[in-house]
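Notes for the one structure printed next.
The values are calculated or read from the model by the stated rules, or taken from the named source; none is laboratory data. Nothing here was measured: the structure is a model prediction, and the numbers come from that model. Note that each Cβ is placed from the backbone with ideal geometry, even for glycine, and that neighbours are counted across all protein chains shown. The accessibility values were calculated without ligands, DNA or RNA, using every heavy atom of the protein model including side chains. Shrake-Rupley method; radii C 1.70, N 1.55, O 1.52, S 1.80 Å.
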Amino acid sequence: MTFALVATAPGTRARAGVLTTAHGAIETPVFMPVGTRGTVRTQTLDQLELLGAPMLLANTVHLMLRPGQASFERTGGLHGWMGWRGSILTDSGGFQVFSLEHARPLDDDGATLRSGPDGPLIRLTPEGSIAMQRAIGADVMMVLDECVPSTSELGRATAAMERTHRWARRCLAVRGDADQQLFAIVQGAQYPELRRQSALELASIDGFDGYAIGGLAVGESRAEREDLTELVTGLLPIDRPRYLMGVGTPLDLIEAVHRGVDMFDCVLPTAWAQQGQVFTSLGRVDLRRGVHRVADDPLDPACDCAACTRYGRSYLHHLIKCEEPLGWQLLAFHNLRFFVQLMRTARAEILAGTFAAFHARMREALALRDPRDPPGRKPRVKRPRPGAC
Ligand SMILES: [Zn+2]
């Protein structure tokens, strides 16, 4: 077995486990920084190692468009090429078929994509996606799925779910004898009955190493997302990891851990850092605000990262206002560290049997705003598309 369940927390579905890959043991719950194109935006390899994140996410379609499958076959895979010694999970490309502007309608065989108005056409099929993920050398591969807006009407959501199941079987058939793991993806939009059907059908197929919950955070409310997550985790095998794709804020992560999810990725830590948005133990901070121009205290007194221990807020505010790349880099590093540490703390609380109380505390703490913000003020930020950064 590649996943060992170590503990569950009383009064909640939260779990602690260990996922073992060819590149190490990953303690769960875990947050995976997003390195869509083989780099986590603004972060050097040294910084990534300092973060303490054991696994990164990369994207099959973006790497297929550039540098292309032949590059990975020549170099032996992404690990050696980018110099990353930890584990890598690759998304299959299903979300890019859904979100890329130049994707064409898909059919039962697969989808055709174009990287831009004048870019080359590429064909993405379940078999082609797995071949690319094998060439990348991903420790964990994802099946190709059809993602639709969670608010899709029932007929479209049903057809996409059924196609996702057919494609999952095709991916399984071509995974080969590599030691790379393969996760299935539960779809079903916002319909509980479809989500139930998808989870049960995929769980009944022998051979998947884990299960992802896809197609959320694309239109539904937070309450709907949490209810669907809880429904699905209750139907999946307890001895396999569960991965909630592309979600979300620190509060979203804690709520999903509470509902039995083990793995997460999201672009928010790097994408929002570019806009001066920082997650801290004191609440969310909008570092663009003028009040920070004369504030010399640390960004987060509880954080041990370089942005918090070597600089004051006024300097970081200055960098962000001047759009200096160093400002984005430091805030991204802090945000990533915050997400990684939050999952580590959650794991410690699960192991100690105290996660239920921790969950109750964090629901309040993670909803806080910067105490220096005027009452009722909401930061103006652009929410990035998943996979955009
Ligand atoms: Zn920090």
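The number of residues in segment 293-322 that are aromatic (Phe, Trp, Tyr) and within 13 Å of the ligand (Cβ to nearest atom) comes to 1. When 356, 332 are screened for being more than 13 Å from the ligand (Cβ to nearest atom) and either without any contact (Cβ under 8 Å) to a residue 12 or more places away in the chain or outside the structural domain of residue 19 (by TED's automatic domain parsing) (or both), only 356 passes. Exactly one residue among 217, 223 is open to solvent by 30 Å² or more (accessible area, probe 1.4 Å), of a type in the set (Gly, Ala, Ser) and assigned to a helix (DSSP H, G or I), and that residue is 223.
Exactly one residue out of 177, 139 is without any contact (Cβ under 8 Å) to a residue 12 or more places away in the chain, of a type in the set (D, E, K, R) and on the phi < 0 side of the Ramachandran plot, and it is 177. Evaluation of residue 253 against the conditions (1) of a type in the set (A, V, I, L, M); (2) within 14 Å of the ligand (Cβ to nearest atom); (3) within 30 Å of residue 58 (Cα to Cα) shows that the sole unmet condition is (2). Screening residue 339 against (1) open to solvent by less than 30 Å² (accessible area, probe 1.4 Å); (2) of a type in the set (Phe, Trp, Tyr); (3) within 16 Å of the ligand (Cβ to nearest atom); (4) out of contact with any strand residue (DSSP E or B) (no Cβ under 7 Å at 6 or more places or on another chain) leaves a single unmet condition, (4). When residue 325 is tested against (1) open to solvent by 60 Å² or more (accessible area, probe 1.4 Å); (2) within 15 Å of the ligand (Cβ to nearest atom), only condition (2) is not met.
Would a scan of segment 43-52 turn up a residue that is at pLDDT 95 or above, in a loop (DSSP other than H, G, I, E, B) and either among the basic types (Lys, Arg) or open to solvent by 40 Å² or more (accessible area, probe 1.4 Å) (or both)? Within segment 43-52, one or more residues are at pLDDT 95 or above, in a loop (DSSP other than H, G, I, E, B) and either among the basic types (Lys, Arg) or open to solvent by 40 Å² or more (accessible area, probe 1.4 Å) (or both). Screening the candidates 210, 290, 188, 219 for the property of being more than 18 Å from the chain's Cα centre (by Cα) and assigned by TED's automatic domain parsing to the domain that holds residue 32 yields one hit, 188. Within the option set 16, 4, 70, being over 30 Å from residue 112 (Cα atoms), open to solvent by 20 Å² or more (accessible area, probe 1.4 Å) and not in a loop (DSSP other than H, G, I, E, B) holds for one residue only, 4.
Is it the case, given these coordinates, that residue 344 is surrounded by fewer than 21 Cβ atoms within 10 Å (Cβ to Cβ), touching a residue at least 40 places away in the same chain (Cβ under 8 Å) and within 15 Å of the ligand (Cβ to nearest atom)? Answer is yes for this residue. Which one is nearest to the ligand (Cβ to nearest atom), of the residues in segment 270-292 that are assigned to a loop (DSSP other than H, G, I, E, B) and open to solvent by less than 50 Å² (accessible area, probe 1.4 Å)? Result: 287. Kindly indicate whether residue 308 is not assigned by TED's automatic domain parsing to the domain that holds residue 180 and not in a loop (DSSP other than H, G, I, E, B). For residue 308, the condition - not assigned by TED's automatic domain parsing to the domain that holds residue 180 and not in a loop (DSSP other than H, G, I, E, B) - is met.
Considering 39, 44, 90, the condition of being assigned by TED's automatic domain parsing to the domain that holds residue 259 and over 16 Å from the mean Cα position of the chain (by Cα) is satisfied by 44 alone. Screening segment 347-384 for residues that are surrounded by 17 or more Cβ atoms within 10 Å (Cβ to Cβ) and farther than 20 Å from residue 31 by Cβ and picking the one that is modelled with the highest pLDDT gives 369.
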